[in-house]
1. I'm checking my understanding of the structure. Among residues of the stretch A:188-199 that are buried (at least 22 other Cβ atoms within 10 Å of the Cβ) and more than 7 Å from chain B (Cβ to nearest Cβ), which one is nearest to B:Q127 (Cα to Cα)?
2. Go through the stretch A:128-148 and give me each residue that's in contact with a helix residue (DSSP H, G or I) (Cβ under 8 Å, 6 or more places away or on another chain) and either modelled with pLDDT under 95 or within 13 Å of another protein chain (Cβ to nearest Cβ) (or both).
3. Got a sec? Which of B:I266, B:I275, B:I306 is among the β-branched types (V, I, T) and within 30 Å of B:F91 (Cα to Cα)?
4. State the number of residues belonging to the stretch A:89-128 that are outside any loop (DSSP other than H, G, I, E, B) and in contact (Cβ under 8 Å) with a residue 12 or more places away in the chain.
5. Would you check if B:V120 is in a helix (DSSP H, G or I), at pLDDT 95 or above, open to solvent by less than 40 Å² (accessible area, probe 1.4 Å) and within 12 Å of chain A (Cβ to nearest Cβ)?
6. Kindly indicate whether any position in the stretch A:86-106 is farther than 15 Å from A:C178 by Cα, buried (at least 20 other Cβ atoms within 10 Å of the Cβ) and polar (S, T, N, Q).
7. Just for the stretch B:322-333: of the residues that are in a helix (DSSP H, G or I) and surrounded by fewer than 21 Cβ atoms within 10 Å (Cβ to Cβ), which one is nearest to the chain's Cα centre (by Cα)?
8. Give me the pairs, please: first residue somewhere in the stretch A:213-230 and more than 7 Å from every other protein chain (Cβ to nearest Cβ) and open to solvent by 10 Å² or more (accessible area, probe 1.4 Å), second residue anywhere and assigned to a loop (DSSP other than H, G, I, E, B) and not β-branched (V, I, T), beta-carbon distance under 6 Å, and either six or more positions apart or on two chains.
Amino acid sequence: MKSDNSSDKNGCSCTIGTAGSDRRSFLKGLSIAAAAGSAALATGCVPSVEAAAPEKMKLRWQEFFKDNYRLMTQEEKEATIARLERLAKLQDNLDIQMSSEPPIERVLYGYAFNISRCEGFMECVSACVRENNLDRKTNTQYIRIFEMEPGKLDPSTGDGRYYHKVPVENKFYMGTQCFHCENAPCTKACPIKATWMEPDGIVVVDYDWCIGCRYCQAACPYYGRRFNWGKPEIPKDEITTRQHYLGNRIRPKGKMEKCTFCIQRTRVGRLPACVEACPTGSRVFGNLLDPESEIRFVLKHKKVFRMKEELGTEPKFWYFID
Amino acid sequence: MRAVQERNLKTFFIDVIRWNLQGSYGFRIFRVILLIFMGLGVYAYSFQARYGLEVTGMNDIVSWGFYISNFTFLVGVAAAAVMLILPAYVFHDPDFHRVVIIGEGVAVGALIMCLTFILVDLGGPLQAWHLIPVIGIFNFPSSILAWDVLVLNGYLLLNALVPAYILYSHYRGRKADERKYRPFVFLSIFWAFSIHMVTAFLYQGLPARPFWNNPLLGPRFLASAFAAGPALITLVLAVIHSSTSYKIDRSVFNKLRLIIVISAIINLIMLFSEIFKEFYFPTHHSSSAVYLFFGMDGHTSLVPWIWTSVCVNLLATLVLAFNPGKNNPKVLLPACLFLFVAIWMEKGIGLIVPGLIPSPLGEVVDYLPTWVELFVTLGIFALGITVVTWLIRAALIIEQSYNPNAS
């Protein structure tokens, strides 16, 4: 179960075809030339304190010429992760542990949200912000909670900016986030395959391959994507240092990001931060391929529905009523 | 003027640069003003490069703004060159044959502006090489944006190389071999329609945005382009006619007026059809149109904008259609200018921004471009005008002094 299978399943390798190897060697040549150039620069300097600057330069050059994550070999993935960890140390004196954990076989993640139980405390939102290193300056949030009038089921009729004591009598609450559509309009829109669905059903973004054109954001019918308009700012003591390359690592400016079902947690068997934080048990997460899972129980025994079903996007996110 | 045997590709480029650096006092001041605007644009962009797109007025809800609006409009201006190429080469209209090169110059300038607008809108412009086929990855054919990159660059090549070949032949004192470039001219005619249809499909193909997800968008793009583009070309031809010795025949203006009027009327009919659909029986898919024309939840920033555009558009079309001044350029030229501006307002900001408002989750915000966006845009316009004037100046000098078939 090496992570190369992620590229095969998504039909990426076939479109690259024979040009792939040429392209790969070309890129490699570029990055080697770049590294050699910056290494020459480095040896020209006096080692010791200033040595960090040329090293940083060299790492940045190599990062600049690296490939799309889906086309990387396992060694290349490990190399870029080592570079990113080292850069975090050099630039911000951060000790991060980044992973390239591949998808678990025979797993397809799904999510269900109990609208009769949620009381709008937004514990999920703050847990998500902390876990995923979201920008505090612009107050980026993957999860939105809408306070809804009875008789309505469309969040656009609800209040997404409520700020008062909850729960309010005769109101109910509806959460939205990326729904990880099986037929996702965002991945279809991306001109450079910087966003795709992994074999375990998680729609991810390669933050370093993204060029920031924001076509995917225009294509998303659920407002599931967020853009880094500036450099994200997170207080240093609040940074989650256990990171995943496709998940909660700190995004560069000018790149798209989104909910990844907490890929850094779920691929090692933990629950997403929002599910764990929910005090009312409104959030259900699990493996859709496992008939014994809680999510399958919900889908079988509860009245479920999905948002904007008519668009045919096939979200893997269901709302249900007790 | 060099002797015929001394002229080669190197002297061609040297001469083009020389002609453009020389010129009258007024011409040089014009060049300096353009340079100043481009400098301001670079200065404004330096903020964006340092701090990211947060220095613009865009946000997660209005994620495309002034840049993409101008891009969309200018694709139409570029496509409109076909309205000169088609009569000149397909119907062998001798009047249009003389001005077709000017239309192609305008198209090249518009395309360079389009590509620059895309580049400044990118969050990671340094990663733009990911878009280059072979060394990057191209999500083809599924992403319409990938198609758009292809058709825009292809059209730029066609519109730059065909005139370059013709001019270079004339420069060398030879006749351009029509058998060689004719296939490319026909290709460019189809290509012109494709650049604008593909750009429309960029928006039309998004079910997430009901305001754009409308089969009329592509045809309406063409109609508005064939009104606004020839209107601009009319203005450019008028400037050339009055400020150079290259005289444009009156019949060219009359024929262009006809093209503009027909396209503008078709455009207005389609606009009316859209408005009818949105407001006769409004559904939740009409909320963008409601926001645009009447405002929503106290957010009304686009309401005066769109009504100004619609009224000016209507008036200018009427003036061009009924021709009250009896072909008086003092009436027709301002009408062309107003029509151009009205379509720019409606098809730029008036199309892109409301498509994103309200957000898919129903949130309404207003969008206002910041000074950075305004100055970067001004800089790009200055760049486009510079490109157009360089090309046209070189073309006119060659056509007048070097062309062996010139009268």
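The values are calculated or read from the model by the stated rules, or taken from the named source; none is laboratory data. Quantities reported herein were computed from a predicted structural model and do not represent experimental measurements. Cβ: placed from backbone, ideal geometry, glycine included. Neighbour counts: every protein chain shown. For the accessible areas, the whole protein counts, side chains as well, though only heavy atoms, and no ligand, DNA or RNA atoms are used. Shrake-Rupley method; radii C 1.70, N 1.55, O 1.52, S 1.80 Å.
1. Step by step, filter the stretch A:188-199, then rank; the result is A:A194.
2. A:L134, A:T138, A:T140, A:Q141, A:Y142, A:I143, A:R144, A:I145, A:F146, A:M148
3. Being among the β-branched types (V, I, T) and within 30 Å of B:F91 (Cα to Cα) holds for just one of B:I266, B:I275, B:I306, which is B:I266.
4. Filtering the stretch A:89-128 down to residues outside any loop (DSSP other than H, G, I, E, B) leaves A:89-92, A:97-99, A:109-114, A:123-128.
Now drop any that are not in contact (Cβ under 8 Å) with a residue 12 or more places away in the chain, which leaves A:90-92, A:97-99, A:109-114, A:123-128.
Here the count works out to 18.
5. Here the answer is yes, as B:V120 does meet what is asked.
6. Within the stretch A:86-106, not a single residue is farther than 15 Å from A:C178 by Cα, buried (at least 20 other Cβ atoms within 10 Å of the Cβ) and polar (S, T, N, Q).
7. Ranking the qualifying residues of the stretch B:322-333, first place goes to B:L333.
8. A:C216/A:C190
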